[in-house]
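Below is one structure, written out as structure tokens; the observations come after it.
The values are calculated or read from the model by the stated rules, or taken from the named source; none is laboratory data. In this text the structure is predicted, and so the values were computed from the model without any measurement. Because the Cβ atoms are built from the backbone with ideal geometry, glycine has one as well, and the counts that use them run over all protein chains shown. In case anyone asks, the SASA skips ligands and DNA or RNA and just uses the protein heavy atoms, side chains included. Shrake-Rupley method; radii C 1.70, N 1.55, O 1.52, S 1.80 Å.
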Amino acid sequence: QVQLVESGGGLVQPGGSLRLSCAASGFTFRLYAVSWYRQAPGKERESVARMAADLSTNYADSVKGRFTISRDNAKNTVYLQMNSLKPADTAVYYCNAQKWGLSEYDYWGQGTQVTVSS
């Protein structure tokens, strides 16, 4: 079965760093675009970073220069390196994989909590 399992969340002080991982299984990972989304309390879910199958990337303006998405197709894993963290980055972070923009190939992880607080 298809699985996306996030890990690496936790509590970090402002200005600190955190690396999230998402381990994928049950599908041909290399053919999918992968994304990180986040949802803070009382706010809409937003796209943070995306990497297409051709390795092209897109970032939300709020995280450009601070976050880096990467993928290791040999390990079926996507990463999000988060630096210079701010309290506004506090949210549940979700891993997503999608192929061809089709709902039949649109998968989500369970989420991992990131809390940035002093």
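Within a straight-line Cα-Cα reach of under 17 Å, residue 64 can be paired with the following aspartates and glutamates, leaving aside sequence neighbours fewer than 8 residues apart in one chain: 46, 89.
The residues neighbouring residue 32, those whose beta-carbon lies less than 10 Å from its own, together hold a net charge of +2 under the Lys/Arg +1, Asp/Glu -1 convention. Surface composition of the chain: carbon and sulfur make up 46 percent of the accessible area, probe 1.4 Å. Only Lys, Arg, Asp and Glu carry charge here, each on its Cβ (+1 for the first two, -1 for the last two); on that basis the chain has a dipole of about 220 debye about its Cα centre.
The aspartates and glutamates within cross-link reach of residue 99, meaning a Cα-to-Cα straight distance under 13 Å and a gap of 8 or more places when in the same chain, are 54.
Temperature 25 °C, viscosity 0.890 mPa s: under these conditions the Stokes-Einstein estimate for the stretch 55-118, based on its Kirkwood radius over C-alpha pairs, is 181 µm² per second. Per-residue Karplus couplings for the stretch 105-117, computed as 6.51 cos²θ - 1.76 cosθ + 1.60 with θ equal to phi - 60°, are listed in order as 10, 10, 10, 10, x, 8, x, 9, 7, 10, 10, 10, 7 Hz, Gly and Pro entered as x.
Length gain on complete extension for the stretch residue 17 to residue 72, per 0.36 nm per residue less the alpha carbon to alpha carbon distance?
Taking 0.36 nm per residue and subtracting the Cα distance, the gain is 17.8 nm.
The residues of the stretch 1-117 expose, per residue, 53 Å² of accessible area to a 1.4 Å probe. Backbone phi angles across the stretch 90-96, fed through the Karplus curve with coefficients 6.51, -1.76 and 1.60 (θ = phi - 60°), yield HN-Hα couplings of 4, 4, 8, 9, 10, 8, 9 Hz in residue order; Gly and Pro are listed as x.
Relative contact order for the stretch 21-118: 29 percent, from Cα pairs under 8 Å spaced at least 6 residues apart, divided by residue count.
Can you divide the C-alpha Rg of the stretch 15-72 by 2.2 N^0.38 Å and report the result to two decimal places? Please report the intermediate quantities before stating the final value.
Details: Rg = 12.6 Å, N = 58, 2.2 N^0.38 = 10.3 Å.
Normalised Cα radius of gyration, the stretch 15-72: 1.22.
Averaging over all projection directions, the Cα-based convex hull of the chain occupies 7.0 nm² in the image plane.
Just add up the charged neighbours of residue 71: K/R +1, D/E -1, any other residue whose Cβ is under 13 Å from the Cβ of residue 71.
Net of charged neighbours comes to +1.
Mind jotting down the distance between the C-alpha centroids of the stretch 1-66 and the stretch 76-118, whole Å? What the calculation gives is 3 Å, centre to centre.
Tell me which trypsin sites (Lys or Arg not before Pro) from the stretch 1-69 have a DSSP coil assignment and no more than 16 other beta carbons within 10 Å of their own.
Working: sites: 19, 30, 38, 43, 45, 50, 64, 66; in loops: 43, 45, 64, 66.
Answer in residue order: 43, 45, 64, 66.
The residues neighbouring residue 87, those whose beta-carbon lies less than 14 Å from its own, together hold a net charge of +3 under the Lys/Arg +1, Asp/Glu -1 convention.
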